[in-house]
Amino acid sequence: MTLDEHLDKFAQGDDTAFDGFYEATRKGVYHIALGILGERALAEDVMQTSYMKILAYAGKYKKGTNAPAWIARIVKNEALNVKKRRAYEHSVDEQEEHALFGEARPQDFGELTDLARRTLSEGEFTVLMLCAADGYKRREVSSMLQIPLSTVTWRYHRAIEKMRKALKGGAE
């Protein structure tokens, strides 16, 4: 079933299509949110609210007009709203400030993803995760993020180069 068909079912009030829709979109949705916010817990929260909005607004989606881009725009807007609200808050990273929290917890995410999040710009991270981790083609990423294919290619190659340097110990 295509994303258009899933969205059409949602618009008709049929929530049974959600499992397939979620499986088809969850990695991309997560990595877009994570790329903007840089925190896993926030990205997961944005995923939840984004899926609620997708379900609520499925009737407004125009079939055949690029469902991945429509979904990505909802996620991006939600993540940017969270980022703007959080700009006024001061948070403490318990891994960096472990003296305040006692023993540091083991990381529940991969070292490479963490390194990429620290090393790459938001755009580079998002493109790298969508292409390398989620398996999207650059043309699909271009369509999802609504940026030129040349920009996706440039960000991807730049991200790969930065990661190589970071892994060799010479991060920018």
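Here segment 1-88 is assigned +1 on the Cβ of each Lys and Arg and -1 on the Cβ of each Asp and Glu. Its dipole about the Cα centre then comes out at about 560 debye. Other residues lying with their Cβ under 12 Å from the Cβ of Leu37 contribute a combined charge of +2, Lys and Arg counting +1, Asp and Glu -1.
Under the criterion of Cα pairs below 8 Å and six or more residues apart, the relative contact order for the chain equals 23 percent.
Each Lys and Arg contributes +1 and each Asp and Glu -1, all at the Cβ; summed about the Cα centre of the chain, the dipole is approximately 920 debye.
What the phi angles of segment 29-37 give under the Karplus curve with 6.51, -1.76 and 1.60, with θ = phi - 60°, is a coupling list of 4, 4, 6, 5, 5, 5, x, 7, 8 Hz, glycine and proline written as x. Please state, as a whole number in µm²/s, the translational diffusion coefficient that the Stokes-Einstein equation yields for the chain at 37 °C and 0.692 mPa s, with Rh defined as the Kirkwood radius across alpha carbon pairs. Stokes-Einstein gives a translational diffusion coefficient of 189 µm²/s.
When peptides 136-148, 6-18 are ranked by their average number of other Cβ atoms within 10 Å per residue, the highest-first order is 136-148, 6-18. Approximating the spin labels as points 7 Å out from Cα along Cα→Cβ, the Asn66-to-Ser150 distance works out to 1.7 nm. Using every pair of distinct Cα positions in segment 110-172, the Kirkwood expression returns a hydrodynamic radius of 11.6 angstrom. Couplings 3J(HN,Hα) for segment 14-28, derived from phi with the Karplus relation 6.51 cos²θ - 1.76 cosθ + 1.60 (θ = phi - 60°), are 8, 7, 5, 7, 5, 4, x, 4, 4, 4, 6, 10, 4, 5, x Hz, where x marks Gly and Pro. Evaluating 6.51 cos²θ - 1.76 cosθ + 1.60 at θ = phi - 60° for every residue in segment 67-81, the Karplus couplings come out as 4, x, 5, 5, 5, 4, 5, 4, 5, 4, 4, 5, 5, 5, 5 Hz, glycine and proline recorded as x.
Just so you know, all these numbers are worked out from the coordinates, no wet-lab data involved. Computed from a prediction, not measured in an experiment: that's the story for all the values here. Here Cβ is always computed from backbone atoms with ideal geometry, including for glycine, and neighbour counts include all displayed protein chains.
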